[in-house]
Amino acid sequence: MSTLRNNISAQRIALLAKKQEMIFHIDDLANLWRITDRNTLRVTLKRYTDNKLLYRIYRGFYSLSPVSELDPVLLGAKALHQFCYLSTETILWRNGFISQTPSVYTFISTLSKQFRIGPHRYKSRKLHDRYLYQPTQLIMQNGVKQATAERAIADMLYFNPRFHFDHPVPWKKIKKIQKEIGYSITAKSL
C-alpha cells in the first residue's frame, strides 16, 4: 500500500513540475489531480506539506518551494488570483521616475486590497474594467504582466493627477497613452 501511495504522490508532483509553475491554488490542484472530494484533497495536501513535497503559503495556496525562494512579484500576482499587472510605484521606482524605494509591490486589478506574504508587502489598486484590460504598454515579464514606465506614469496620473515625479516625464508620449487607454488627459505642459 505504501509503494502505491508513493507512486501516486510521485505522479502528482511530476504533473506539477510538468506545468512549469511553482505556485498553485487549491482548486488548481484539485483539477490537475482530478480529486473531487475536498476532504481527500485536504488530507493529501497535509501529507505533502508535512513531507515538504509542497509548501503551504496560506490556506488554499501552495508552492513547490518555500516563500523565501519564490519571486515576490509572481507570488503577489498569483495571490491576487485574477487579471492584474505590476504598475505605479514599483515600476516608477525601477525606472527612476521616483527615488524613494516603495515598501510594497503595487499591482493594478479589480480589487482594492493590501496584504502580506512572508516578508513581502503588496497593494492592489482598483481600476475600472474599461481601463484595466487595455493592453497598451503592458508586457509579460517572468510570467507576470507589467506596465512599461510610460503606462505606469499614466496609471499613476489616473489615481493621483498631482503626483510628483523625480525625473522628467515624456508628456507627449504619456498623453498619447492616456488617450489610447481612455484616461483623462493630464493638464501638464509638454
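The values are calculated or read from the model by the stated rules, or taken from the named source; none is laboratory data. Values in this document were obtained by computation on a predicted structure and should not be read as measured data. All Cβ positions, even for glycine, are placed from backbone atoms using ideal geometry, and neighbour counts span all protein chains on display.
The residues in segment 156-190 that are in a helix (DSSP H, G or I), touching a residue at least 24 places away in the same chain (Cβ under 8 Å) and farther than 21 Å from residue 109 by Cβ can be counted, and the count is 1.
Residue count for segment 78-98, restricted to those that are within 16 Å of residue 169 (Cα to Cα), of a type in the set (A, V, I, L, M, F, W, C) and part of a loop (DSSP other than H, G, I, E, B): 2. Pairing residues of segment 120-138 that are in contact (Cβ under 8 Å) with a residue 40 or more places away in the chain and farther than 17 Å from residue 154 by Cβ with residues that are among the hydroxyl-bearing types (Ser, Thr, Tyr) and not in a helix (DSSP H, G or I), at Cβ distances under 6 Å and at least 6 apart in sequence or on separate chains, gives 122/105; 124/109. Can you work out which of the residues in segment 51-65 that are of a type in the set (D, E, K, R) and at pLDDT below 95 is nearest to residue 117 (Cα to Cα)? Ranking the candidates gives 59 first.
Please pick out the residue among 55, 62 that is in contact with a Pro (Cβ under 8 Å, 6 or more places away or on another chain) and either among the hydroxyl-bearing types (Ser, Thr, Tyr) or touching a residue at least 24 places away in the same chain (Cβ under 8 Å) (or both).
Answer to the check: 55.
Among the candidates 90, 110, 136, the residue that is β-branched (Val, Ile, Thr), buried (at least 17 other Cβ atoms within 10 Å of the Cβ) and within 14 Å of the chain's Cα centre (by Cα) is uniquely 90.
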